[in-house]
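First up is the structure itself, then whatever we jot down about it.
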Amino acid sequence: MTTFKRILVGVDGSDNSIRAAQKAAEMASIFGAEIVLLHVIQPAESAYYNGMPTSEAAERAKGEERLYRAKEVCEEEGLKPELRVRLGNPAEIILDLSDEDFDLVVVGNRGISALVRFLMGSISTRVVQYSKIPVMVVP
């Protein structure tokens, strides 16, 4: 039987990503696993790239706001998730971080930005195609 010790969850704030966080939290609770919630601010969403004045703190706050509901879901399962916010391509960041001794990646099958998904391709599809560890895609 496979056991999971560290679970990485991609969260963009969409309902699908919250369902992914819920499933990951249930699994983490069962296995006694550590859970890391990750939000990646895409360049198309970032004020840095839109030419608007901003700061690293403001960008981080925006990302943490999108992690809030997922964090609550984990806390309801008695977990204390680690929160991470990064700037870049979500699929690439998820894949890079998954190499940090994670046993499972959990993502939703659709995110909040249809335009960004159209321009960059499906994040969940790319993660499934290139991940070196198991990936759970939650509808």
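The values are calculated or read from the model by the stated rules, or taken from the named source; none is laboratory data. Keep in mind the model is a prediction, meaning the values are calculated, not measured. Methodologically, a virtual Cβ is constructed for each residue, glycine included, from the backbone with ideal geometry; neighbour enumeration extends over all protein chains shown.
Only residues that are at pLDDT 55 or above, more than 12 Å from the chain's Cα centre (by Cα) and part of a helix (DSSP H, G or I) were counted across segment 115-139, and they come to 5. When restricted to residues that are assigned to a strand (DSSP E or B) and within 15 Å of Arg19 (Cβ to Cβ), segment 62-88 contains 0. Against the numbered list (1) part of a helix (DSSP H, G or I); (2) of a type in the set (A, V, I, L, M); (3) modelled with pLDDT under 80, Ala91 comes up short only at (3). The residue list Ala21, Ala47 contains one member that is out of contact with any Cys (no Cβ under 6 Å at 6 or more places or on another chain) and modelled with pLDDT under 85, which is Ala47.
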